[in-house]
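Beneath this line is the structure, given in C-alpha cells, with notes to follow.
Since every read-out is calculated from the coordinates, none of them should be taken as a lab result. The model shown is predicted, which means the values in this text are computed figures rather than measured ones. Methodologically, a virtual Cβ is constructed for each residue, glycine included, from the backbone with ideal geometry; neighbour enumeration extends over all protein chains shown.
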C-alpha cells in the first residue's frame, strides 16, 4: 500500500470508523505498526500520537516489528494446553533456537508468544505455520513440517 | 422484500433444504448427534451459510415478518415468557434486558452482538457465525424494531477469519435483498448493521470494555451503573447480547415462547450449546437441554476417553469457571447448579481432563491467562493475579508450604470482592475450585514433592522403559551426556545428570522415554 493510499484509507475510517479500525488497516498493510502509521492515524483523527500508541499497545493483534516469512502459532487454548501445547512450544524453541515472541536470524520463522484459542478445540492441539493448519499435531509432526519448509527454502536460495 | 416474496422463496428452496437435512441426518446417525437437541444449531452444516434464500427456506425472516405485525411490548413479552437467559455467561434474563433498553428514553439506540468469544476452549459462537450468520442478523433486526434502535454492531474476534468473511457476505446480501436498510418490508422501520473486529483482548468480552473498543479506545471496563441499557455505546442506550442468545430469538418469535421454555429445567429454559474438548473420544459442539447431567454428556454423547485412562475432572466456564471432579458428574448442568459447586456455566466450554493432567498446573494455566489479559486498570486484578501465580509457581516447583494454601484462599477472596469487572471477579475461580475439590493434589505437591500426573517438571524424573530399541538417538541429542549406552546395547539415564530439558522425548522413535 502506498503512503497516499494508506492516508486515504485512514481518512475513510475517520467518518464512521475508529482509531482501532485504522490501526487494523495498518497492521494488514504493513504487517506491523510502524511510526508512519501511528503518525498518520494521530494526524487524521486529531489526537496525540501517544493516544494512538496507547490503543495499539493495548491489543495483542498489533505487533511493532515485522514477523518472519512463516509465522508459527501454537494455540494455547485449554484443550490444546491439556493435550501438550506447552511441550510443543518448547520443542519449536529448541529447534529454531529462538524464544516465543522471537524471530530467526534469517527472517524465515517467527514464533508467536501466547496464541489465543483459535476455536478448533475438537481437533486439538493445533499449530499454525504460515497459513497451514496442523490439527491433532504432535512434537514430531510439527518439527517435521518446520524442517520440510527449511529444506524447501534452501532449495529456493541460489 | 415482503412477506409474499418470503413465502415464494421458501416454497422454491424448501425441497433443497429438506433433502440436505435428510442427508445430514443419515450421515450423522451416531449417539453423538442423535442424543442432541439441535435448536440453535438447527441450520449448522445444513444450509449454505451465506445463501439468504436457503436461510429463508428454514423459516428465516418469518420471525421478523411476524414481529412487524406486533407491538414492541408484545415482542418483549414473548422473549420474557421464553425464559431465555443470556448465553454469554452471566445468565441474566434476556427479556428484562430488552425491557430496560426499551424503557430508556432516547432518539438513538444501539443493538450490539457480542461475538468476542475469548474463552479458551469455547467455539460455539464461531460455529453459529460461520454457518448461520443470518439468524444473528435477523435477531438484531427484530431487537432493533422492538427496542427502537436504528443501528447494530457485531463485534467479532479477529481470530475467526472465516466467521468474519461469512458475516460480511451475509450483511451485504441482506442489504441487497432489502432485509437491512431503509423502510424494511415497506414500513417506516430502518435498520443497519456494521461489523467491527476485535483486536485480541479477552477483556473486551466484558460489555463496558466492548463498548470502549467499538468506540476505538483501549478496551478498559468502567464501573457500572450506569448500565449500557441506560448509557452504552456513544452514551446511548445499548442492548448487548451474545451470539447464541440472539441466534435463538427468531425461532422464539416465530414459533412462540413455548418452543423454548418447554425444554430444559426450572429457571433454566431451553438448550445450551457446549464445546466438548480435551481428553474425550468424540469432541465437538453439542447442543443439549439444560439440566442434562455431566455424566450423560461425557459418556453417552462424548463416548468417554481412551481405555486405560480415567476421566478425572471437567473444566467448565473457561478462565472464570472451575473444575468439577468426577465424583460430581451426576450434577445437572445449568446456570444455578454449576454455580453451587464453585464453577460457572460461562459461555459453555467443557474441557475434559484425564488423570495425566495436573490440576495445579491447570489452575496455573488459567491464572497465567488472567494475568496476561488483565487490562491493568484496577489493582486487585492487576497485582492480585500475579501474586496468585507466584504462589502456584512456588508449589509446582517443589518449594510450597502448607501456609501457601491459606494465602491462596485469602487472596482469591479479596480479588473476587474488590475487582472492577467480571474478569477479576471470577479469575480466582479455577484456583478456589481446585483447592476445594483437589486439595490432596496440592498437599502431594507440598509434602511429598510429587506431581502424580507427571506434569510439573521440577517434581518429575525421566526414565527409559522396556520399549527402547537401543538406537542411540537420545544419546546423540542429550546436551549433558546423561544417557549412556551403545547401538543395540541397553541405554541408561542418569537421574543425577539429567537437566529435564525434554529434548530426548520427541526424538525417540518409539516413545520409550517417559516422565514419572
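Summarising the overall dimensions of segment B:265-354 from its C-alpha atoms, the Rg and Dmax are 11.8, 39 angstrom. With the simple spin-label model, which puts each label point 7 Å out from Cα in the Cβ direction, the residue B:28 to residue A:105 separation comes to 5.3 nm. Helix B:3-27 sits at what angle to the longest principal axis of chain B, using alpha carbons and giving 0 to 90 degrees rounded to 10? So the inclination is approximately 30 degrees.
In chain B, the calculated helix contribution to ellipticity at 222 nm averages -12500 deg cm²/dmol per residue, counting -39,500 (n - 2.57) for every DSSP H run with n ≥ 4. DSSP beta bridges fully contained in chain B are about 55 percent antiparallel. The length gained by stretching the chain between residue A:50 and residue A:153 to full extension, at 0.36 nm per residue less their Cα-Cα distance, is 33.1 nm.
Given their separation in residues at 0.36 nm each and the Cα-Cα distance between them, residue B:90 and residue B:224 gain 46.7 nm when the chain is fully extended. For segment B:230-280, the convex hull spanned by the alpha carbon atoms encloses 153 Å³ per residue.
If contacts are Cα pairs under 8 angstrom and at least 6 residues apart, what is the relative contact order of segment B:461-515 in percent? All intermediate terms of the calculation are to be shown ahead of the outcome.
Values: 89 pairs, mean separation 25.8, N = 55.
RCO, segment B:461-515: 47 percent.
Would you mind checking segment B:231-252 for residues with the amide N under 12 Å from a putative spin-label position 7 Å along Cα→C-beta of residue B:70? Hits in segment B:231-252 for residue B:70 at 12 Å: B:249-252. Relative contact order for chain B: 13 percent, from Cα pairs under 8 Å spaced at least 6 residues apart, divided by residue count.
When the gyration tensor of chain B is built from Cα positions, what are the square roots of 5 times its three eigenvalues, in whole Å, from largest to smallest? Write out the running numbers ahead of the final one.
Numbers: eigenvalues 440, 146, 82 Å².
One finds semi-axes of 47, 27, 20 Å for chain B.
Quote the convex hull volume per residue of segment B:461-515, based on C-alpha atoms, as a whole number of Å³.
Values: hull volume 3.6 nm³, N = 55.
So the per-residue Cα hull volume is 65 Å³.
If R0 equals 35 Å, the separation of the Cβ atoms of residue B:105 and residue A:57 corresponds to a calculated FRET efficiency of about 0.35.
Running Debye on the protein assembly as shown with equal point scatterers at the Cα sites and no solvent, what base-10 log of I(q)/I(0) appears at q = 0.05, 0.06, 0.08 Å⁻¹? Reported log10 I(q)/I(0), two decimals: -0.25, -0.36, -0.65.
Would you please calculate the Kirkwood hydrodynamic radius of segment A:37-158 over all C-alpha pairs and express it in Å, rounded to one decimal?
Values: mean 1/r = 0.0630 Å⁻¹.
Evaluated over segment A:37-158, this radius sits at 15.9 Å.
In segment B:371-516, the C-alpha radius of gyration followed by the widest Cα-Cα span (Dmax) gives 20.4, 63 angstrom. Under 18 Å from a point placed 7 Å out from the Cα of residue B:502 along the Cα-to-Cβ direction: which residues of segment A:123-140 have their backbone N that close? Output list for this probe position: A:124-128, A:136-140. Specify the inter-centroid distance of segment A:123-157 and segment B:460-516, based on alpha-carbon positions, in whole Å. Going from one Cα centre to the other spans 25 Å. Rounding to the nearest 10 and keeping the result within 0 to 90°, find how far the Cα-based axis of helix A:3-14 lies from the longest principal axis of chain A. Result, in degrees: 80.
Return B:329, B:191 ranked ascending by Cβ neighbour count within 10 Å, so the fewest neighbours appear first. Could you put the intermediate results ahead of the total?
Details: B:329 17, B:191 23.
Fewest to most other Cβ atoms nearby, the residues stand as B:329, B:191.
Counting every other Cβ atom within 10 Å of each residue's Cβ, A:151, A:90 order from fewest to most as A:151, A:90. What fraction, in whole percent, of alpha-carbon pairs in segment B:175-321 exceed 20 Å separation? Result for the distance tail: 68 percent. Kirkwood hydrodynamic radius computed over segment B:1-153 comes to 17.2 Å, based on all pairs of distinct alpha carbons. Normalising the average separation of contacting C-alpha pairs (under 8 angstrom, six or more residues apart) by the number of residues puts the relative contact order of chain A at 18 percent. Max-minus-min Cα coordinates of segment B:65-203 on each principal axis give 40, 35, 25 Å, with the largest extent listed first.
As a proxy for reagent exposure, B:467, B:377, B:488 were ordered by neighbouring Cβ count within 10 angstrom, fewest first; the result is B:488, B:467, B:377.
Given 4 °C and 1.567 mPa s, how large is the Stokes-Einstein diffusion coefficient of segment B:359-447 in µm²/s, with Rh as the Kirkwood radius over Cα pairs?
Working: Rh = 12.7 Å.
Using the Kirkwood radius from Cα pairs, D works out to 102 µm²/s.
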